[in-house]
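*Asks:* Below are the structure tokens for one structure; questions will follow.
The values are calculated or read from the model by the stated rules, or taken from the named source; none is laboratory data. Computed from a predicted model, the values in this text were never measured in an experiment. Cβ coordinates were reconstructed from backbone atoms using ideal geometry, including for glycine residues, and neighbour counts include every protein chain displayed.
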Amino acid sequence: MLAALIPLFDHNMKVCAYSIFAQKENFLLNPRLLGVGRFDGASNIEGMKIVESMGLDTVSDEKTVFIELNNISLFSDIAGQCDAPHDKQVLLIDKDIPPERRYIDRIIELKKEGYRFGIRKLPVSQFEAYREILKETDYVFLNHKKIDITKAKVYFSRMYPNVKLVAVNVNSKEDFDILKEGGGYDLYEGEFFRTPVKTSGEELAPLKVNYLELLNIVNDIDFDLADAADVIGRDPALVISLLEMVNRMTVNSGITSVRHAAAMLGQRELKKWINTAVTRELCADKPSEIMRTSLIRARFAENLAPVFEMAGLSSELFLMGLFSVLDVILDKPMPEALEMVKVSKEIRQALLDKSGPFSQALDFMMQYENASWQEVSRQMVVAGIDENTIYNAYVDALRWFKELFEIRTR
């Protein structure tokens, strides 16, 4: 199985929900699944299996999740497939579910059980034909490039006043700002929050300069633990976080200073902790999804190291994933952002030119994150990669991030 989480934002760029996009099999290896084989196990809802196995708090931090249904799984034992609260699950359908009486009645039945519904890929020309289904729908996904939102806003407010409109394919900050100003949409889905920064923003705050100094110390080839400890000591938040972590790892250690705590961790663990903790602090003034993206990419990239025969370079791949949104974090174009931190030539090549030995892992990770299953499947076939290995690597990254968050809020 392959699965990825796509965030949905509100006007303030706050994540309100996640869509789970899953693919059960690699269609390039099993072409029959594109034919009659697509009905094999069609009553199983992959998104619900993911929520059930991982827990709603791991998948979406208790936020709403949109889960795809097809015309067969709509009639399955949905409640029996997932224990998560019904009101946290939005059942996502499309035009493959026709506006026929049996489908309409089933949707009404599930609504009475507390489920909500969303619909996507519905052409404007079919809005009237789907009137009975739209009356039961809570969210309508619209391609903002193909619809006049002014007219859509009037239409939906008159016909379906309780429906929330979701703009999809919002792939630039400029598009987001225009749509937000024009009004009409309640949520947005797209890559706009992590598009590359083209021009420099304001000067970095002194605290961020301090964090970058710390990153540069620990990413030097053979850094001094005492130097790192001294910079950590300038920031109370980092000191508290470090001491909490060391105290969890040791019993009756009698930590007497920041330098002592750093020595207890050792060079390797201290480096990983600092890169992670500092990135969280650098993202403090950004939408929470930026931090989440950075940290999940870091862990996912680290997990992919053996897959791409780079197990000995897992820490470098971790750093590549962590810094893959460094331009967004620092409000600087990527070349300028990378000048401010010490990274290897291989990381620079991957992040700047999409070249070098790390570029394949980076591209694969980005394609997976966007649920570009055809390209992901192609790369897996070419490289002879097992899809379960990839799925487990991604799930581990989600769980790792959840654990980090739990540690931070204890």
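*Asks:* Take the conditions under 25 Å from residue 218 (Cβ atoms), at pLDDT below 90 and aliphatic (A, V, I, L, M) and apply them to residue 341. Does it pass? Break it down stepwise before answering.
*Replies:* Working: under 25 Å from residue 218 (Cβ atoms): yes; at pLDDT below 90: yes; aliphatic (A, V, I, L, M): yes.
Yes: the conditions hold for residue 341.
*Asks:* Any idea which of (1) surrounded by fewer than 19 Cβ atoms within 10 Å (Cβ to Cβ); (2) more than 20 Å from residue 10 (Cβ to Cβ) is the one residue 133 doesn't satisfy?
*Replies:* (1)
*Asks:* Taking the stated definitions as given, is residue 87 modelled with pLDDT under 95, surrounded by fewer than 17 Cβ atoms within 10 Å (Cβ to Cβ) and either in contact with a His (Cβ under 8 Å, 6 or more places away or on another chain) or in a loop (DSSP other than H, G, I, E, B) (or both)? First the steps, then the outcome.
*Replies:* On the way: modelled with pLDDT under 95: yes; surrounded by fewer than 17 Cβ atoms within 10 Å (Cβ to Cβ): yes; either in contact with a His (Cβ under 8 Å, 6 or more places away or on another chain) or in a loop (DSSP other than H, G, I, E, B) (or both): no.
Answer is no for this residue.
*Asks:* Additional query: Criterion first (loosely packed, with under 13 Cβ neighbours inside 10 Å, farther than 28 Å from residue 191 by Cα, among the basic types (Lys, Arg) and at pLDDT 95 or above) does residue 106 satisfy it?
*Replies:* Details: loosely packed, with under 13 Cβ neighbours inside 10 Å: no; farther than 28 Å from residue 191 by Cα: yes; among the basic types (Lys, Arg): yes; at pLDDT 95 or above: yes.
Against the criterion (loosely packed, with under 13 Cβ neighbours inside 10 Å, farther than 28 Å from residue 191 by Cα, among the basic types (Lys, Arg) and at pLDDT 95 or above), residue 106 does not qualify.
*Asks:* Still on this structure, please answer the following. Under 9 Å between Cβ atoms, which residue pairs at least 6 apart in sequence (or on different chains) link something in the range 342-361 that is on the phi > 0 side of the Ramachandran plot with a partner that is surrounded by fewer than 16 Cβ atoms within 10 Å (Cβ to Cβ) and at pLDDT 95 or above?
*Replies:* Every condition considered, the pairs that remain are 354/363.
*Asks:* Same structure, new question: Could you list all residues from the range 255-287 that are at pLDDT 85 or above and among the polar types (S, T, N, Q)?
*Replies:* Within the range 255-287, 267, 275, 276, 279 qualify.
*Asks:* Which one of 388, 392, 370 is within 20 Å of residue 296 (Cα to Cα), within 15 Å of the chain's Cα centre (by Cα) and either assigned by TED's automatic domain parsing to the domain that holds residue 300 or modelled with pLDDT under 95 (or both)? Working first, answer last.
*Replies:* Values: 388 fails: within 15 Å of the chain's Cα centre (by Cα); 392 fails: within 15 Å of the chain's Cα centre (by Cα).
Only one candidate passes the filter, namely 370.
*Asks:* Just one of 92, 74, 34 is modelled with pLDDT of 90 or more, of a type in the set (A, V, I, L, M, F, W, C) and farther than 14 Å from residue 5 by Cβ; which is it?
*Replies:* Sole residue among the options that is modelled with pLDDT of 90 or more, of a type in the set (A, V, I, L, M, F, W, C) and farther than 14 Å from residue 5 by Cβ: 74.
*Asks:* Moving on to the next point. Could you list all residues from the range 50-70 that are of a type in the set (S, T, N, Q) and either loosely packed, with under 15 Cβ neighbours inside 10 Å or assigned to a helix (DSSP H, G or I) (or both)?
*Replies:* Of the residues in the range 50-70, the ones of a type in the set (S, T, N, Q) are 53, 58, 60, 64, 70.
If the condition is that a residue be of a type in the set (S, T, N, Q) and either loosely packed, with under 15 Cβ neighbours inside 10 Å or assigned to a helix (DSSP H, G or I) (or both), then 53, 58, 60 are the ones that fit.
*Asks:* Starting from the range 74-85, take each residue that is closer than 17 Å to residue 96 by Cβ and list its partners that are small (Gly, Ala, Ser) and not in a helix (DSSP H, G or I), counting only C-beta distances under 8 angstrom and pairs at least six apart or across chains.
*Replies:* These pairs meet every condition: 75/43; 76/43.
*Asks:* Return yes when residue 121 is in contact with a His (Cβ under 7 Å, 6 or more places away or on another chain), within 23 Å of residue 16 (Cα to Cα) and basic (Lys, Arg) and no when it is not. Reasoning before the result, please.
*Replies:* Details: in contact with a His (Cβ under 7 Å, 6 or more places away or on another chain): no; within 23 Å of residue 16 (Cα to Cα): yes; basic (Lys, Arg): yes.
Answer is no for this residue.
*Asks:* Moving on to the next point. Please go through the range 344-356 and give me each residue that is under 21 Å from residue 220 (Cβ atoms) and over 22 Å from the mean Cα position of the chain (by Cα), ordered by number. So that I can check it myself, show each step before the final result.
*Replies:* Pass one, the range 344-356, residues under 21 Å from residue 220 (Cβ atoms): 344-352, 356.
Those that are under 21 Å from residue 220 (Cβ atoms) and over 22 Å from the mean Cα position of the chain (by Cα): 344, 345, 346, 348, 349, 356.
*Asks:* Of the conditions (1) assigned by TED's automatic domain parsing to the domain that holds residue 92; (2) at pLDDT below 85, residue 248 fails just one. Which one is it?
*Replies:* If we test residue 248 against (1) assigned by TED's automatic domain parsing to the domain that holds residue 92; (2) at pLDDT below 85, just (1) comes out false.
*Asks:* Now for a separate question. What are the residues in the range 303-341 that are crowded, with 16+ Cβ neighbours inside 10 Å and of a type in the set (D, E, K, R), if any?
*Replies:* Hits for the range 303-341 are 316, 327, 331, 332.
*Asks:* Shifting gears a bit: Taking the condition among the hydrophobic types (A, V, I, L, M, F, W, C) and over 25 Å from residue 227 (Cβ atoms), does residue 325 pass?
*Replies:* Numbers: among the hydrophobic types (A, V, I, L, M, F, W, C): yes; over 25 Å from residue 227 (Cβ atoms): yes.
Judged against the criteria, residue 325 is a match.
*Asks:* Within the range 178-217, how many residues are in contact with a strand residue (DSSP E or B) (Cβ under 8 Å, 6 or more places away or on another chain) and at pLDDT below 75?
*Replies:* Residues flagged as in contact with a strand residue (DSSP E or B) (Cβ under 8 Å, 6 or more places away or on another chain) and at pLDDT below 75 within the range 178-217 amount to 1.
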